[in-house]
1. Name the residue, out of Asp197, Asp148, Asp140, that is of a type in the set (Asp, Glu) and over 28 Å from Arg59 (Cβ atoms).
2. Is at least one residue of region 48-55 under 19 Å from the mean Cα position of the chain (by Cα) and part of a strand (DSSP E or B)?
3. Restricting to region 165-187, and then to whatever is under 17 Å from the mean Cα position of the chain (by Cα), of a type in the set (A, V, I, L, M, F, W, C) and surrounded by 21 or more Cβ atoms within 10 Å (Cβ to Cβ), can you tell me which residue is farthest from Pro33 (Cα to Cα)?
4. Can you run down the residue pairs with Cβ atoms below 9 Å, 6 or more apart or on separate chains, where the first is in region 151-164 and surrounded by fewer than 14 Cβ atoms within 10 Å (Cβ to Cβ) and the partner is polar (S, T, N, Q)?
5. Which pairs have Cβ atoms under 7 Å, sit 6 or more apart or on different chains, and link a residue in region 49-62 that is at pLDDT 95 or above to one that is of a type in the set (A, V, I, L, M, F, W, C) and loosely packed, with under 15 Cβ neighbours inside 10 Å?
6. Looking at (1) touching a His at 6+ places or on another chain (Cβ under 9 Å); (2) among the β-branched types (Val, Ile, Thr); (3) surrounded by 15 or more Cβ atoms within 10 Å (Cβ to Cβ), which one does Val76 not meet, given that it meets all the others?
7. Scan region 68-81 and give yes if some residue there is part of a loop (DSSP other than H, G, I, E, B), farther than 16 Å from Lys137 by Cβ and of a type in the set (A, V, I, L, M), otherwise no.
8. Is it the case that Val34 is crowded, with 17+ Cβ neighbours inside 10 Å and in contact with a helix residue (DSSP H, G or I) (Cβ under 9 Å, 6 or more places away or on another chain)?
Amino acid sequence: MRLLLALLFALAYTVPAHAGDLTVSVRDAAGRPVRDAVVTVYPASGAPRGPIRFPWALRMAQQDIQFQPYVLIAPVGGTVAFPNLDRVRHQVYSFSRGARFELELYGRDETRSHTFATAGVAALGCNIHDEMLAYIKVVDTPWAMKTDSNGDAVVREVPAGAATLRVWHPRLAGRGNEISQTLTVTSAAARRTVSGDFSARAAVR
């Protein structure tokens with residue numbers, strides 16, 4: 001009986017009593033939806049321990065002489081695959097602070113990979129094709145999502161209470177291409193609109 005009570009007590013402190021879905025709508029200064037903005041939520045209660053896992057593939061492909069997707073969210077400690085689906089060879093690199101790496105020249109149907117150890121942004125390029133550009137946003141919270149073509153991102157099961165909301169985009173003006181807001185999450189579904197200046201140059205490699 002004591003063991004059961006101890007287990008229930010522990011669960012009460014490790015599982016949020018209430019959680020809600022938060023929809024974040026990202027708009028530019030003219031009110032137009034912004035696609036590929038990364039929305040992250042940091043509850044004041046902290047993040048759960050252990051590795052972060054997302055439902056999407058950690059995959060940044062090279063196809064039609066471009067990276068796909070343009071923006072990928074990866075967790076700290078996550079290993080991202082870089083398959084080459086083109087008929088030509090690519091040499092992927094990032095010179096971004098905290099995310100420097102280079103994948104030596106490789107050809108069609110070959111895959112290289114890289115593990116991201118710290119949170120931040122990796123701006124990707126190709127040493128062979130200067131027009132190729134993409135971003136990997138490495139996050140240290142499980143509450144993260146990317147906006148769709150309507151500018152909306154739904155972050156599921158956010159613990160109720162005070163939290164910090166952050167929005168990042170390579171063309172968002174401001175320090176680190178990111179803005180943040182404080183908010184209070186409730187157990188009911190909520191919606192928040194975030195507007196910003198997206199006229200800046202894309203973050204450079």
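The values are calculated or read from the model by the stated rules, or taken from the named source; none is laboratory data. These numbers come from a predicted model, not from an experiment. Cβ coordinates were reconstructed from backbone atoms using ideal geometry, including for glycine residues, and neighbour counts include every protein chain displayed.
1. Values: Asp148 fails: over 28 Å from Arg59 (Cβ atoms); Asp140 fails: over 28 Å from Arg59 (Cβ atoms).
The unique qualifying residue is Asp197.
2. No, region 48-55 contains no residue that is under 19 Å from the mean Cα position of the chain (by Cα) and part of a strand (DSSP E or B).
3. Only one residue tops the list, namely Leu165.
4. Close Cβ pairs (under 9 Å, with a partner that is polar (S, T, N, Q)) amount to Ala162/Ser45; Ala162/Thr182; Ala162/Thr184.
5. If the second residue must be of a type in the set (A, V, I, L, M, F, W, C) and loosely packed, with under 15 Cβ neighbours inside 10 Å, the pairs left are Leu58/Ala81; Arg59/Ala81; Ala61/Leu85; Gln62/Leu85.
6. With (1) touching a His at 6+ places or on another chain (Cβ under 9 Å); (2) among the β-branched types (Val, Ile, Thr); (3) surrounded by 15 or more Cβ atoms within 10 Å (Cβ to Cβ) applied to Val76, the lone miss is (1).
7. Initially, region 68-81 is screened for residues part of a loop (DSSP other than H, G, I, E, B), giving 69-70, 76-78.
Applying the additional criterion that residues be farther than 16 Å from Lys137 by Cβ yields none.
No, because not a single residue in region 68-81 is part of a loop (DSSP other than H, G, I, E, B), farther than 16 Å from Lys137 by Cβ and of a type in the set (A, V, I, L, M).
8. On the way: crowded, with 17+ Cβ neighbours inside 10 Å: yes; in contact with a helix residue (DSSP H, G or I) (Cβ under 9 Å, 6 or more places away or on another chain): no.
When the stated conditions are applied, Val34 does not pass them.
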